[in-house]
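To start, the structure itself, in structure tokens.
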Amino acid sequence: MKKRVTKAIFPVAGLGTRFLPATKSIPKEIMTLVDRPLIQYAIDEAREAGIKEFIFVTAKGKGALEDYFDAAPELEKNLRKKNKIDLLQELKATDMDSGAIAYIRQREALGLGHAVWCARRLIGNEPFAVILPDDVIASEKSCLLQMVEQYAETQGNIVATMEVANDQVSSYGVIDPAEDMGRIISVRDMAEKPDPAVAPSNLAVIGRYILEPPVLKRLNTLKRGSGDEIQLTDAIAEEAREGAAVYGYRFDGQRYDCGSKIGYLKATIAFGLARDDLKDDLTGFLEQTMAHRRAAE
Ligand code: UTP
């Protein structure tokens, strides 16, 4: 019988050093695109894909994330009194049913693979999704839903992939393709942050995965890899080398790397321009700024 994906892991225990000093006291995932924190985009994407259980791998200093999903009765009472119905509606999006959300602590930032492994007991023997909230994907159909639909057809392990410029591959896990079938690519092996000169392709893995339980078992035995961290890519690559089905999935959508400053700024502008209430003002401002810059050159 075909299995369904109902659980998702959100690894949010990283140190976020690229955003210091902000991340000294604010979790990266609470940073906002316009008026919603990155984590809200990730949760909405997972909900659209049919996820029912949300597992956060957190760490010290991430309390604001847990608070974000708590009920806010005082605030709601105040908004209701002032008849601010639209804001009450906005708040509803942050509601999580009791028991739908679980927090697991990663005691030390030993890498993404280790963070996923920390959730193993909550996953048990089921397929699961992994969503990295700092990869924000704007798309008509949620990226994870696209992958869940693919999983319903092929099963196996599925990683979201996109072509990147050759000099960028050393920032990503990269696919060694066995067969390129267009929408999906069967994976023979993967390399974590390879040197462009020896990279197996320019197909980068980005932060959406559907994985099967054997990957968790691999993580049990994995040694530290690139950056002295336990890498999720290494566990998936081992699975592929030993014959498990692993696919790269070319998703429809625009991905923003909100873990980097430039990606975050681009996303802020793109999401601002996508909002009816902001786009005219923002367009005017951008045009004016560019005109001033050109005049000054
Ligand atoms: P990153 O590689 O972006 O690391 O992690 P980071 O610590 O968040 O940020 P920088 O590089 O220091 O600026 C990718 C994802 O894996 C999670 C992060 O929270 C992020 O969602 N992660 C990483 C963990 O949960 N635990 C870790 O030990 C490492």
Residues of region 109-133 being of a type in the set (A, V, I, L, M), more than 9 Å from the ligand (Cβ to nearest atom) and either over 13 Å from PRO213 (Cα atoms) or part of a helix (DSSP H, G or I) (or both), in sequence order, are LEU122, ILE123
Within region 70-93, can one find any residue that is at positive phi, free of Cβ contacts under 8 Å to residues at least 40 places away in the same chain and part of a loop (DSSP other than H, G, I, E, B)? yes
Within region 4-18, considering residues that are near the ligand (Cβ under 8 Å from one of its atoms) and buried (at least 19 other Cβ atoms within 10 Å of the Cβ), the one farthest from ARG208 (Cα to Cα): GLY16
Being of a type in the set (A, V, I, L, M, F, W, C), more than 18 Å from the chain's Cα centre (by Cα), farther than 14 Å from SER171 by Cβ and not in a helix (DSSP H, G or I) is the filter here, so list the residues in region 195-229 that pass it. LEU222
Got at least one residue in region 118-138 being polar (S, T, N, Q), over 17 Å from LYS3 (Cβ atoms) and open to solvent by 10 Å² or more (accessible area, probe 1.4 Å)? no
Given (1) open to solvent by 10 Å² or more (accessible area, probe 1.4 Å); (2) within 16 Å of the ligand (Cβ to nearest atom); (3) under 19 Å from ARG275 (Cβ atoms), where does ASP35 come up short, assuming only one miss? (2)
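Do you know which residues across region 38-69 are on the phi > 0 side of the Ramachandran plot and either without any contact (Cβ under 8 Å) to a residue 12 or more places away in the chain or open to solvent by 50 Å² or more (accessible area, probe 1.4 Å) (or both)?
Correct list: GLY61 only.
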Output the residues belonging to region 169-184 that are over 15 Å from ALA245 (Cβ atoms), of a type outside the set (Ser, Thr, Tyr) and out of contact with any strand residue (DSSP E or B) (no Cβ under 7 Å at 6 or more places or on another chain). ASP180, GLY182
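The values are calculated or read from the model by the stated rules, or taken from the named source; none is laboratory data. Quick caveat, the model's predicted, so the values are computed rather than measured. Every residue, glycine as well, gets a Cβ built from its backbone with ideal geometry; the counts of neighbours run over all protein chains shown. Protein only, heavy atoms only, side chains kept; ligands, DNA and RNA dropped before computing areas. Shrake-Rupley method; radii C 1.70, N 1.55, O 1.52, S 1.80 Å.
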